Amino acid sequence: MPIDFNELLTVVFTLFAVIDIVGSVPVLISIREKSGPINEARATIISGALMIVFLYAGEPFLHVLGLDVRSFAVAGSIVIFVLGLEMVLGMEFFKSEKDVKAATLVPVAFPLIAGSGTLTTIISLKANYGQTTLLAAILINLIIIFIVLKSLGLIARLLGNAGLLAVRKFFGVILLAIAVKIFASNVPGLI
């Protein structure tokens with residue numbers, strides 16, 4: 001089945017915005033400075049494996065819980081909406097672990113890269129897009145993640161604090177719009 005380029009672009013940007021790897025650069029730099037170098041390849045592979053497993057096994061897991069993809073998509077759209085609000089308003093609704101000394105590979109791959117927002121988004125997008133499109137979008141994002149992890153110092157110098165903040169707010173607005181679209185396209189099927 002051929003991949004629609006416009007759909008692929010939408011899914012790539014949606015995942016990119018949710019993963020927010022550029023917005024995570026300050027946190028990643030802090031982890032690197034206090035805990036030592038980040039193994040970029042291993043962090044990328046582990047986060048990719050989590051996303052791909054959830055892409056293929058997430059729906060059967062939902063069925064075990066008695067849920068369907070539309071219900072999860074609506075719930076996921078609410079989570080995506082709140083993540084977008086966090087990014088735009090600069091407030092923290094979802095509390096994350098702040099103990100940088102405990103930072104190892106696992107906090108980088110999960111929950112920082114492949115966190116609940118990313119996994120929820122994958123299932124939510126699955127209600128509107130094909131698995132091939134989602135898999136391609138995940139792989140493209142993994143390449144971006146690897147490049148960003150390899151280039152942490154350069155990105156921080158190029159964007160500066162103001163640039164990182166602007167990128168975060170821009171993708172927050174995109175997330176809000178995507179959340180509304182996912183919600184509106186799945187709610188009628190539930191009622």
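The values are calculated or read from the model by the stated rules, or taken from the named source; none is laboratory data. Only a predicted model underlies this, so the values are computations on that prediction, with no experimental measurement involved. Neighbour counts are summed over all protein chains in view; Cβ atoms, including those assigned to glycine, are modelled from backbone coordinates with ideal geometry.
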For this session: Check whether at least one residue in the range 24-39 is in contact with a Phe, Trp or Tyr (Cβ under 7 Å, 6 or more places away or on another chain) and at pLDDT below 90, and report yes or no.
Result: no
Exercise. Based on what the data block shows, is Phe183 assigned to a helix (DSSP H, G or I), of a type outside the set (Val, Ile, Thr), over 17 Å from Gly48 (Cα atoms) and touching a Phe, Trp or Tyr at 6+ places or on another chain (Cβ under 9 Å)?
Worked result: yes
Exercise. Within the range 118-159, how many residues turn out to be under 21 Å from Pro37 (Cα atoms) and among the small types (Gly, Ala, Ser)?
Worked result: 3
Exercise. Within the range 84-93, which residues are surrounded by fewer than 14 Cβ atoms within 10 Å (Cβ to Cβ) and at pLDDT 85 or above?
Worked result: Leu89
Seminar exercise, completed: When (1) without any contact (Cβ under 8 Å) to a residue 40 or more places away in the chain; (2) farther than 18 Å from Ala177 by Cβ; (3) part of a helix (DSSP H, G or I) are applied to Leu9, the one that fails is (2)
For this session: Output the number of the condition that Lys126 fails; it satisfies all remaining conditions of (1) over 16 Å from Thr10 (Cα atoms); (2) charged (D, E, K, R); (3) modelled with pLDDT under 90.
Result: (1)
Exercise. What number of residues within the range 51-62 are among the hydrophobic types (A, V, I, L, M, F, W, C) and surrounded by fewer than 19 Cβ atoms within 10 Å (Cβ to Cβ)?
Worked result: 5
Problem set entry | Conditions (1) assigned to a helix (DSSP H, G or I); (2) farther than 15 Å from Ile45 by Cα: number failed by Phe146 | (2)
For this session: Those residues that are in contact with a Gly (Cβ under 9 Å, 6 or more places away or on another chain), surrounded by 16 or more Cβ atoms within 10 Å (Cβ to Cβ) and over 20 Å from Ala166 (Cβ atoms), I need them from the range 4-46; list them, please.
Result: Glu7, Arg32
Exercise. In the range 12-32, what residues are over 21 Å from Thr132 (Cβ atoms) and either part of a loop (DSSP other than H, G, I, E, B) or among the hydroxyl-bearing types (Ser, Thr, Tyr) (or both)?
Worked result: Asp20, Ile21, Val22, Gly23, Ser24, Ser30
Exercise. In the range 69-83, is there at least one residue being over 26 Å from Ser24 (Cβ atoms), surrounded by fewer than 19 Cβ atoms within 10 Å (Cβ to Cβ) and over 18 Å from the mean Cα position of the chain (by Cα)?
Worked result: yes
